[in-house]
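Below is one structure, written out as structure tokens; comments come after it.
The values are calculated or read from the model by the stated rules, or taken from the named source; none is laboratory data. In this text, all values refer to a predicted model and were calculated from it rather than measured experimentally. Please note: Cβ atoms are built from the backbone with ideal geometry, for glycine as well, and neighbour counts cover all protein chains shown.
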Amino acid sequence: MPAIEIRNIKKRYKTLQALKGIDLSIEEGEFFGLLGPNGAGKTTLISILAGLARADEGEAFVLGHNVVTDFRAARQVLGVVPQELVFDPFFTVRETLQIQSGYYGLKRNDDWIDEVMANLDLTEKANVNTRALSGGMKRRLLVAQALVHRPPVIVLDEPTAGVDVELRQGLWKFIARLNREGHTVVLTTHYLEEAEQLCDRIAMLRRGEVVALDNKHAMLQRFSSAQLLLRLA
Ligand code: ATP
């Protein structure tokens, strides 16, 4: 069974056809890259997978669970790291993760929360209010939030946007480890080097369509880095 199955997904915002019939099948254990320029439709596709937006047509499944008709089951097996850094500013890092656990009906999740915080170098900030975190720390907290219910499938929407090189490398290492441990990972990015380092297969999205899809090596051979960057620009 594929980890993610997307069939003919279409989405229109007023006059703009944001997704024009996307088909994708991502295998369990795969590290999949979704590349594309601003406005290609990456976030829209992820929002549909996460049940935050409705497709006009088509269907999407996470580990066989329909994201609309079987929403709860689909959310249990999916962890989404959104692009926006939005937290309740008056809760601490630990409280934020406890609240997120509560959404999933998880009690006594503190050991796992400690482990996630330690892996993301957040332990020192456990009792700090989220409003006092730097942008990079907030990015880490977003990743931690997506992992509190131990989802086998993780989707990260530009997790390293606007973070410094050191943190970016740290996040890459951590995400790569999750993948090695068996998690399926889908990553959207503008950084070619990120996709190059991490992904098994890459799909390139442009104006709501998948314009190329292949394993990383074939993609990099097919488009020289410069061309690929141009296409991403
Ligand atoms: P980026 O790399 O900038 O994050 P993206 O590939 O994630 O871009 P989307 O955010 O999915 O692209 O946007 C796809 C298109 O849909 C864009 O033209 C965007 O302006 C439009 N769009 C997205 N959300 C909405 C919305 N809620 N209402 C109207 N238009 C929207």
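For region 6-55, the tally of residues that are near the ligand (Cβ under 10 Å from one of its atoms) and either surrounded by 17 or more Cβ atoms within 10 Å (Cβ to Cβ) or assigned to a loop (DSSP other than H, G, I, E, B) (or both) stands at 21. Which ones in region 83-95 are in contact (Cβ under 8 Å) with a residue 12 or more places away in the chain and more than 19 Å from the chain's Cα centre (by Cα)? Selection gives ASP88, PRO89, PHE90, PHE91, THR92, VAL93, ARG94.
Once region 74-86 is narrowed to residues that are within 16 Å of the ligand (Cβ to nearest atom) and assigned to a strand (DSSP E or B), the residue that is nearest to TRP172 (Cα to Cα) is VAL81. Taken across region 143-154, residues that are surrounded by fewer than 21 Cβ atoms within 10 Å (Cβ to Cβ), over 17 Å from the mean Cα position of the chain (by Cα) and among the charged types (D, E, K, R) do not occur at all.
Figure legend. Inter-residue proximity from region 43-57: first residues on the phi < 0 side of the Ramachandran plot, second residues within 12 Å of the ligand (Cβ to nearest atom) and among the basic types (Lys, Arg), beta-carbon distance below 6 Å, spacing 6+ or different chains. Indicated pairs: THR44/LYS11; ALA55/LYS11; ASP56/LYS11; ASP56/ARG12.
When ASP121, ASP114 are checked against the criterion of being touching a Lys or Arg at 6+ places or on another chain (Cβ under 8 Å) and among the acidic types (Asp, Glu), a single residue qualifies: ASP121. Among the conditions (1) closer than 29 Å to LEU141 by Cβ; (2) touching a Leu at 6+ places or on another chain (Cβ under 9 Å), GLY58 misses just one, which is (1).
Please tell me if ALA3 is buried (at least 20 other Cβ atoms within 10 Å of the Cβ), over 18 Å from the mean Cα position of the chain (by Cα) and modelled with pLDDT of 95 or more. Answer is no for this residue.
If you check ILE9, ILE48 for being of a type in the set (A, V, I, L, M, F, W, C) and either more than 15 Å from ILE154 (Cα to Cα) or in contact with an Asp or Glu (Cβ under 9 Å, 6 or more places away or on another chain) (or both), only one passes: ILE9. When GLU57, GLU28 are screened for being under 20 Å from HIS183 (Cα atoms) and either out of contact with any Asp or Glu (no Cβ under 7 Å at 6 or more places or on another chain) or of a type in the set (Val, Ile, Thr) (or both), only GLU28 passes.
Could we say that MET219 is part of a helix (DSSP H, G or I), crowded, with 18+ Cβ neighbours inside 10 Å and in contact with a strand residue (DSSP E or B) (Cβ under 8 Å, 6 or more places away or on another chain) here? When the stated conditions are applied, MET219 passes them. Checking every residue in region 65-73 against the condition of being within 15 Å of the ligand (Cβ to nearest atom) and either in contact with a strand residue (DSSP E or B) (Cβ under 8 Å, 6 or more places away or on another chain) or touching a residue at least 60 places away in the same chain (Cβ under 8 Å) (or both) gives zero matches. Within region 207-227, residues that are at pLDDT below 85 sit with their Cβ atoms under 7 Å from residues that are assigned to a helix (DSSP H, G or I) and surrounded by 12 or more Cβ atoms within 10 Å (Cβ to Cβ), at 6+ positions apart or across chains, in these pairs: LEU220/GLU196; PHE223/ARG231; SER225/LEU192. Checked against the criterion of being over 18 Å from ALA126 (Cβ atoms) and not acidic (Asp, Glu), the candidates PHE91, PHE31 yield just one match: PHE31.
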